[in-house]
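Beneath this line is the structure, given in structure tokens, with notes to follow.
The values are calculated or read from the model by the stated rules, or taken from the named source; none is laboratory data. This is a predicted model, so every value here is computed, not measured. A quick note on method: Cβ atoms are made from the backbone with ideal geometry, for glycine too, and the neighbour counts reach across all protein chains shown.
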Amino acid sequence: MAVRKDPRHLRKAADRRRTRRLGLKQTVAARNAEPASGPQVDLTEIIVEAILAEAARGDRGFSDKTVTTALRSTLQLQTPESPAAATLANRFHQIDSQEDIDSAKLRKTLQNLLELAKQYHEADRNDAFISYLRVLSE
């Protein structure tokens, strides 16, 4: 069987190849754009609950500084010197080790909370940010 070399036939074959390629690219893009199936986890809520649980334990010296130290050290992958901040940082690491938690999203959430803590820093109050988190969680 002879191969046809007429231009019309070659154009049609090229168009078929292009549409197949384009269709494949669109299905891959659609597959990547779909959100992950399964329950969505609210990382901010989980982190705020961990902070408030540590604050509710009643340890002396647990303040906004402790929270910001724990947030900053977790982002820098370090261990804080303060025992209260180290406990909270360990809690953040436990949250990160859970299966359904995305580490990149957790780091972004910790960064956002750190920025928020800087905004709520008051010189005369040691618990302004913690009080703000309590109000939000209610």
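Scanning the range 48-91 for residues that are surrounded by fewer than 20 Cβ atoms within 10 Å (Cβ to Cβ) and among the aromatic types (Phe, Trp, Tyr) yields nothing. Taking the condition under 16 Å from the mean Cα position of the chain (by Cα), assigned to a helix (DSSP H, G or I), of a type in the set (Gly, Ala, Ser) and at negative phi, does residue 86 pass? No. Can you name the residue in the range 97-115 that is assigned to a helix (DSSP H, G or I) and aliphatic (A, V, I, L, M) and, of all such residues, is farthest from residue 45 (Cα to Cα)? Among those residues, the one meeting the criterion is 104.
Among the residues making up the range 71-83, a single one is among the charged types (D, E, K, R) and part of a helix (DSSP H, G or I): 72. The test for being of a type in the set (Gly, Ala, Ser) and modelled with pLDDT under 90 does not hold for residue 73. Looking only at the range 103-138, residues that are acidic (Asp, Glu) and surrounded by 12 or more Cβ atoms within 10 Å (Cβ to Cβ) come to 1 in all.
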